[in-house]
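The values are calculated or read from the model by the stated rules, or taken from the named source; none is laboratory data. Every value quoted in this text rests on a predicted model; they were computed, and no experiment measured them. Glycine gets a Cβ as well: all are built from the backbone with ideal geometry, and neighbour counts include every protein chain shown.
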Amino acid sequence: MLEGLMQHDYPLTLQLLLERMRRIYADSEVVSVRGTERTRASYGEVVERAEQLSKALANLGVQQGDRVATFAWNTREHLEAYLAVPCMGAVLHTLNVRLFADQLTYIVNHAEDKVILVEDSLVPVLEKLAPTFETVEHYVVIGDGPTGELPNAHNYEELLSGQSPGYDFPRLEDDRQAAGLCYTSGTTGHPKGVLYSHRSNILHVLGQLMADSIGTVSDDRVMPVVPMFHANAWGIPYAATMTGADLVMPGSNLKAEALADLIETESVSVSAAVPTIWMDLLRHADEHQPDLSSLRLVICGGSAVPMSLMQQFEQRQNVRIIQAWGMTETSPLGSVARPPREATEEEHWRYRATAGRPSALVEARLIRDGGEEVPWDGTSTGELEVRGPWVARAYYRDEESEAKFNDGWLRTGDIAAIDQNGYIIISDRAKDVIKSGGEWISSVELEIEIMAHPQVKEAAVISMPHERWGERPLACVVVEADADLTLDELNEHLAPRVAKWWLPDELAIIDEVPKTSVGKFDKKVLRRQLEEGRLTTRLSAAPG
């Protein structure tokens with residue numbers, strides 16, 4: 001073999017981001033919101049503070065490989081931890097602030113966290129749980145609020161002010177070294193730990209910065225609304241720092257009015273969040289007409305994005321929403337729905353409604369029960385499996401990993417088809433598909449069409465038992481204020497859009513769709529409410 005004369009052993013670590021921030025983009029800005037106050041810092045200042053944080057953590061006994069957890073919103077301090085912890089060789093463990101108490105206890109103990117950085121507003125949550133944590137030695141409280149009853153608690157700013165500038169980061173020779181740890185939302189069983197490496201993070205950044213992907217550039221002002229405890233805020237903070245884009249960190253206030261104000265006053269050009277955030281923002285924009293003209297791109301994911309939402313944003317606000325698909329296990333970038341340039345207008349929207357094409361370096365395939373691979377013909381379906389350099393190959397310290405991975409491929413649990421051009425059409429989660437009279441009904445597709453009704457605010461579709469058909473769809477709908485939607489009106493809207501046997505037999509008007517800790521529809525709560533007789537439904541005739 002004739003070996004290429006490249007520096008192939010050059011380690012791809014997050015220290016590269018830190019150095020670019022320091023040397024190339026020192027003047028780029030981080031705007032951080034806490035309550036009603038906004039603070040501003042340059043990248044150069046953020047790097048200096050990250051160095052001080054690294055030194056402070058080392059003085060608290062943190063060594064390479066130790067897990068340092070964060071329990072915080074999207075702020076400058078959280079970004080400093082994103083940089084400091086992995087660059088000193090430790091592992092950043094982002095704790096989801098919306099998890100139940102027993103899940104937090106399990107995750108902290110399973111990860112063996114040594115230090116937890118916690119937002120002052122969230123101290124009361126950890127105060128109650130601190131006695132259940134087995135390995136935590138120190139707490140560092142971000143903000144001016146009290147440290148409460150947390151043992152061995154330190155104030156973040158006082159800790160940093162006690163450190164001299166500069167820190168001699170260790171050279172990380174192997175970029176396969178662990179950098180970050182994030183746990184899945186755990187819809188069944190305990191949450192699973194996904195352990196990212198330095199290399200996977202850097203390659204994920206490069207994949208995200210491609211023009212055909214998200215394509216952030218240095219003159220963007222980027223606002224990650226998706227929480228930093230959710231799959232590294234979809235990798236957006238690292239991508240922004242790599243390319244020198246300004247960052248706008250919205251803190252804990254994610255209401256439409258606050259986000260619209262930030263977009264308008266900070267000239268945000270790129271943002272990202274789950275569909276419910278943008279639904280609320282569109283309603284606010286229609287009523288109050290904020291200036292959203294700076295937005296050139298919104299990345300939306302976490303659950304299927306209604307085509308009506310994308311169309312209405314484009315028509316009424318001239319803002320483009322691009323759908324992306326991914327999972328905690330895929331870092332999370334898996335695919336992006338950018339239509340081909342030769343597409344007609346009708347085809348354009350059909351492509352926009354898919355999960356998109358696999359990102360560069362990510363491979364995809366469809367597998368039927370029994371292991372047969374499904375052809376890419378746009379109609380044949382199977383379970384979507386993916387692999388790539390930023391896709392997990394196992395769960396952290398989990399003996400049940402094998403069931404989720406298939407010969408080097410991640411089993412996503414999504415039922416999908418892939419067309420000849422590589423566009424992924426996800427029809428449902430394997431656990432959510434409705435099997436009625438031998439036919440499959442996609443709850444996801446049905447939800448998207450229901451949410452196109454002008455009186456519908458949100459909708460989730462679950463199966464309900466049926467003596468003849470096995471299962472039938474139940475539409476659980478949140479209506480707009482003062483609306484009085486009937487099942488007949490809903491089915492009249494759906495009739496030209498879906499097959500006859502897809503029309504829901506019953507309609508439940510609910511106050512809100514339950515959400516998981518990462519903002520996805522939590523259908524297991526609705527199923528439990530149905531079983532317990534707590535969903536009031538409106539009937540229609542049985543399917544013919």
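Could you please let me know if Ala364 is modelled with pLDDT of 95 or more, of a type in the set (Gly, Ala, Ser), crowded, with 17+ Cβ neighbours inside 10 Å and outside the structural domain of Pro191 (by TED's automatic domain parsing)?
Here the answer is yes, as Ala364 does meet what is asked.
Those residues that are among the hydrophobic types (A, V, I, L, M, F, W, C), over 19 Å from Trp440 (Cα atoms) and modelled with pLDDT under 90, I need them from the stretch 458-495; list them, please.
Ala481, Ala483
Where in the stretch 14-118 are there strands (runs of 3 or more DSSP E), lying fully within it, with 3 or more residues that are farther than 18 Å from Ala178 by Cβ and not aromatic (Phe, Trp, Tyr)? First the steps, then the outcome.
Working: elements: 29-34, 37-42, 67-71, 91-94.
Of the strands (runs of 3 or more DSSP E) lying wholly inside the stretch 14-118, those with at least 3 residues that are farther than 18 Å from Ala178 by Cβ and not aromatic (Phe, Trp, Tyr) span 29-34, 37-42.
Determine which single condition Glu77 fails, assuming it passes every other condition in (1) buried (at least 23 other Cβ atoms within 10 Å of the Cβ); (2) within 26 Å of Arg397 (Cβ to Cβ); (3) in contact with a helix residue (DSSP H, G or I) (Cβ under 8 Å, 6 or more places away or on another chain); (4) not hydroxyl-bearing (Ser, Thr, Tyr).
Status for Glu77: all satisfied but (2).
So, of the residues in the stretch 155-175 that are in contact with a Pro (Cβ under 9 Å, 6 or more places away or on another chain) and either outside the structural domain of Gln63 (by TED's automatic domain parsing) or not acidic (Asp, Glu) (or both), which turns out to be surrounded by the fewest Cβ atoms within 10 Å (Cβ to Cβ)? Talk me through it step by step, then tell me what you get.
First, pick out the residues of the stretch 155-175 that are in contact with a Pro (Cβ under 9 Å, 6 or more places away or on another chain): 171-175.
Of the ones still in play, those that are also either outside the structural domain of Gln63 (by TED's automatic domain parsing) or not acidic (Asp, Glu) (or both) are 171-172.
Details: Arg171: 9, Leu172: 20.
Filtering first and then ranking leaves Arg171.
Do you know which of the residues in the stretch 124-154 that are of a type outside the set (Phe, Trp, Tyr) and buried (at least 22 other Cβ atoms within 10 Å of the Cβ) is nearest to Ala56 (Cα to Cα)? Write out each step before concluding.
Residues of the stretch 124-154 that are of a type outside the set (Phe, Trp, Tyr), as a first pass: 124-132, 134-138, 140-154.
This time we only want the ones that are buried (at least 22 other Cβ atoms within 10 Å of the Cβ), so: 126, 136, 140-142.
Details: Leu126: 21, Val136: 16, Val140: 10, Val141: 13, Ile142: 14 Å.
It comes out as Val140.
In this structure, does Lys435 turn out to be touching a residue at least 12 places away in the same chain (Cβ under 8 Å), part of a strand (DSSP E or B), touching a helix residue (DSSP H, G or I) at 6+ places or on another chain (Cβ under 8 Å) and surrounded by fewer than 19 Cβ atoms within 10 Å (Cβ to Cβ)? Talk me through it step by step, then tell me what you get.
Details: touching a residue at least 12 places away in the same chain (Cβ under 8 Å): yes; part of a strand (DSSP E or B): yes; touching a helix residue (DSSP H, G or I) at 6+ places or on another chain (Cβ under 8 Å): no; surrounded by fewer than 19 Cβ atoms within 10 Å (Cβ to Cβ): yes.
So Lys435 does not fit the description; no.
In the stretch 283-342, which residues are of a type in the set (Ser, Thr, Tyr), closer than 20 Å to Ala258 by Cα and touching a residue at least 40 places away in the same chain (Cβ under 8 Å)? Talk me through it step by step, then tell me what you get.
Filtering the stretch 283-342 down to residues of a type in the set (Ser, Thr, Tyr) leaves 293-294, 303, 308, 328, 330-331, 335.
Retained after the next criterion (residues that are closer than 20 Å to Ala258 by Cα): 293-294.
Correct list: Ser294 only.
In this structure, does Val205 turn out to be among the β-branched types (Val, Ile, Thr) and either touching a Ser or Thr at 6+ places or on another chain (Cβ under 6 Å) or at pLDDT 95 or above (or both)? It would help to see each step written out before you state the result.
Values: among the β-branched types (Val, Ile, Thr): yes; either touching a Ser or Thr at 6+ places or on another chain (Cβ under 6 Å) or at pLDDT 95 or above (or both): yes.
The answer is yes for Val205.
Which of the residues belonging to the stretch 438-485 are assigned to a helix (DSSP H, G or I) and under 12 Å from Leu507 (Cα atoms)?
Quick first cut of the stretch 438-485, residues assigned to a helix (DSSP H, G or I) only: 443-450.
Residue satisfying the conditions is Ile450 alone.
Of the residues that sit in the stretch 410-429 and are farther than 25 Å from Ile510 by Cα and among the small types (Gly, Ala, Ser), which one is modelled with the lowest pLDDT? Spell out how you get there, then give the answer.
Kept after step one, since they are farther than 25 Å from Ile510 by Cα, are these residues of the stretch 410-429: 410-426.
Filter once more, keeping what is among the small types (Gly, Ala, Ser): 413, 416-417, 422.
Details: Gly413: 88, Ala416: 93, Ala417: 95, Gly422: 97.
Here the answer is Gly413.
Please go through the stretch 208-232 and give me each residue that is on the phi > 0 side of the Ramachandran plot and modelled with pLDDT of 95 or more, ordered by number. Before you say what the answer is, go through the steps one by one.
Quick first cut of the stretch 208-232, residues on the phi > 0 side of the Ramachandran plot only: 215, 231-232.
Scanning the stretch 208-232 gives a single hit, Gly215.
All but one of (1) surrounded by fewer than 24 Cβ atoms within 10 Å (Cβ to Cβ); (2) touching a strand residue (DSSP E or B) at 6+ places or on another chain (Cβ under 7 Å); (3) modelled with pLDDT of 95 or more hold for Ser271; state the number of the condition that does not hold.
All conditions are met except number (1).
For Asp488, state whether it is more than 30 Å from Val226 (Cβ to Cβ), among the acidic types (Asp, Glu) and without any contact (Cβ under 8 Å) to a residue 40 or more places away in the chain. Before the answer, list the steps.
Details: more than 30 Å from Val226 (Cβ to Cβ): yes; among the acidic types (Asp, Glu): yes; without any contact (Cβ under 8 Å) to a residue 40 or more places away in the chain: no.
No.
Select, from Val225, Val205, Val194, Val217, the only residue that is hydrophobic (A, V, I, L, M, F, W, C) and more than 30 Å from Leu292 (Cα to Cα).
Working: Val225 fails: more than 30 Å from Leu292 (Cα to Cα); Val205 fails: more than 30 Å from Leu292 (Cα to Cα); Val217 fails: more than 30 Å from Leu292 (Cα to Cα).
Checking each option against the conditions leaves just Val194.
For the stretch 114-128, which residues satisfy the criterion of being of a type in the set (A, V, I, L, M, F, W, C) and farther than 18 Å from Trp73 by Cβ? Even if it seems obvious, please write down each step before you answer.
Just the residues of the stretch 114-128 that are of a type in the set (A, V, I, L, M, F, W, C), to begin with: 115-118, 122-123, 125-126.
Across the stretch 114-128, the qualifying residue is only Val115.
Farther than 23 Å from Val362 by Cβ and not hydroxyl-bearing (Ser, Thr, Tyr), is that true of Val444? Walk me through how you get there before you give the answer.
Values: farther than 23 Å from Val362 by Cβ: no; not hydroxyl-bearing (Ser, Thr, Tyr): yes.
For Val444, the condition - farther than 23 Å from Val362 by Cβ and not hydroxyl-bearing (Ser, Thr, Tyr) - is not met.
Among residues belonging to the stretch 17-64 that are within 25 Å of the chain's Cα centre (by Cα) and over 18 Å from Ile236 (Cβ atoms), point out the one that is modelled with the highest pLDDT.
Arg38
Report, by residue number, each residue of the stretch 55-113 that is acidic (Asp, Glu) and farther than 15 Å from Leu195 by Cβ.
Going through the stretch 55-113, the residues acidic (Asp, Glu) turn out to be 66, 77, 80, 102, 112-113.
Within the stretch 55-113, Glu77, Glu80, Asp102 qualify.
Hey, can you tell me all the residues within the stretch 321-346 that are exposed (fewer than 15 other Cβ atoms within 10 Å of the Cβ) and under 30 Å from Leu410 (Cβ atoms)?
Once the filter is applied, which keeps residues that are exposed (fewer than 15 other Cβ atoms within 10 Å of the Cβ) and under 30 Å from Leu410 (Cβ atoms), the stretch 321-346 yields Pro340, Ala343.
Could you tell me how many of the residues in the stretch 238-281 are within 28 Å of Glu512 (Cα to Cα) and touching a Phe, Trp or Tyr at 6+ places or on another chain (Cβ under 6 Å)?
Here the count works out to 3.
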